[in-house]
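Trainee: The structure's right below; bear with me while I get my questions together.
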């Protein structure tokens, strides 16, 4: 574990920076902190040319309006640990000036305890403004998001193509995202080519038109999460939405879907809940394990739990299907079913 210390301004900063280059450098953001915006603190970190230094940006609770940091070196951006549980909101009220995301990252990034809200760009530019837009070319590369929320963006998180990247989403919420224009198909979480995606203990709901989760990663693991596909949950502020799939793994790979609650409502664009390989299998290893999930349809159309058009063998165990006309399509793809 890295040792944290606080850089002070002026000569003391030079002293400590040289003496403790292997420790975390903590920069504080807030109304009474040295930096009033996340962008200002991130810019200071980005300007450091010593790759041995690791920066932690600690943000005081509050709303930071039109604060658009660009991350170009590995760092953590988090709610001040002393104020954990209080909201840090990066809220966009204007079109994103970088035309990408509220946070635009080209380096390893960890985000803890942030809410990213209102990301939008013109439909002429793709209509896919994201809470986090990750374009990290590093080898290897990481994106870690924990205890964070993505609300009312055109896209929650959007990543680029990097087969050496691992992406982890932990205890986070993707709520009421999407582009209402039917010609723009955005997603709560969209991972392009990557080494791995892990989503755990998270909530996806209120997504418009696109999917809750779309993953082109070589390995995809979605566990212990709640996914609403065209169904509302007023208790947590989720609109009905009009999403297509709860989980889409269009290019196959090694996929594990375990311990989730998946609810499809009448407003879904597609009555299939999980889709695997429907855009063509691109990986040499393909497998699908689906276990201990609860599939429920409350819509009027006949629902399909798992759509597997290339009939990759599905290990299906411990799942329940309520009002699901077709648990697996084709049914012959199931090799283990208890």
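Trainee: Which of (1) in a loop (DSSP other than H, G, I, E, B); (2) at pLDDT 95 or above; (3) crowded, with 17+ Cβ neighbours inside 10 Å is the odd one out, the single condition residue 262 does not satisfy?
Mentor: Single failed check for residue 262: (1).
Trainee: Looking only at segment 116-123, decide whether some residue is modelled with pLDDT of 95 or more, within 22 Å of residue 202 (Cα to Cα), touching a strand residue (DSSP E or B) at 6+ places or on another chain (Cβ under 6 Å) and crowded, with 24+ Cβ neighbours inside 10 Å. Even if it seems obvious, please write down each step before you answer.
Mentor: Here is the first cut: in segment 116-123, the ones modelled with pLDDT of 95 or more are 116-123.
When the remaining residues are screened for being within 22 Å of residue 202 (Cα to Cα), the result is 116-119.
Checking the rest, the ones that are also touching a strand residue (DSSP E or B) at 6+ places or on another chain (Cβ under 6 Å) come to 116-119.
Those still in the list that are crowded, with 24+ Cβ neighbours inside 10 Å too: 116, 119.
There is at least one residue in segment 116-123 that is modelled with pLDDT of 95 or more, within 22 Å of residue 202 (Cα to Cα), touching a strand residue (DSSP E or B) at 6+ places or on another chain (Cβ under 6 Å) and crowded, with 24+ Cβ neighbours inside 10 Å.
Trainee: Please name all residue pairs, on different chains or six or more residues apart, with Cβ atoms under 6 Å, provided the first residue is in segment 276-300 and is on the phi > 0 side of the Ramachandran plot and in contact (Cβ under 8 Å) with a residue 12 or more places away in the chain and the second residue is part of a loop (DSSP other than H, G, I, E, B) and surrounded by 18 or more Cβ atoms within 10 Å (Cβ to Cβ).
Mentor: 277/252
Okay, residues lined up against (1) in contact (Cβ under 8 Å) with a residue 60 or more places away in the chain; (2) under 26 Å from residue 302 (Cβ atoms); (3) in contact with a helix residue (DSSP H, G or I) (Cβ under 7 Å, 6 or more places away or on another chain):
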{"position": "184", "(1), (2), (3)": "yes, no, yes"}
{"position": "218", "(1), (2), (3)": "yes, no, no"}
{"position": "228", "(1), (2), (3)": "no, yes, no"}
{"position": "232", "(1), (2), (3)": "no, yes, no"}
{"position": "243", "(1), (2), (3)": "yes, yes, no"}
{"position": "252", "(1), (2), (3)": "yes, yes, no"}
{"position": "258", "(1), (2), (3)": "no, yes, no"}
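Trainee: Having 2 or more residues that are in contact with a strand residue (DSSP E or B) (Cβ under 7 Å, 6 or more places away or on another chain), modelled with pLDDT of 95 or more and closer than 17 Å to residue 107 by Cα is the bar; report the strands (runs of 3 or more DSSP E) wholly within segment 127-212 that clear it. Can you show your working first?
Mentor: Details: elements: 130-134, 141-146, 149-151, 155-159, 162-170, 173-175, 189-191, 194-200, 203-205.
Of the strands (runs of 3 or more DSSP E) lying wholly inside segment 127-212, those with at least 2 residues that are in contact with a strand residue (DSSP E or B) (Cβ under 7 Å, 6 or more places away or on another chain), modelled with pLDDT of 95 or more and closer than 17 Å to residue 107 by Cα span 130-134, 141-146, 155-159, 162-170, 194-200.
Trainee: Please go through (1) closer than 15 Å to residue 305 by Cα; (2) crowded, with 18+ Cβ neighbours inside 10 Å for residue 241 and return the number of the only condition it doesn't satisfy.
Mentor: Evaluating residue 241 over (1) closer than 15 Å to residue 305 by Cα; (2) crowded, with 18+ Cβ neighbours inside 10 Å leaves (1) as the failure.
The values are calculated or read from the model by the stated rules, or taken from the named source; none is laboratory data. Keep in mind that this is a model prediction, so the values were computed, not measured. Here the Cβ is made from the backbone with ideal geometry for all residues, glycine too, and neighbour counts use every protein chain on show.
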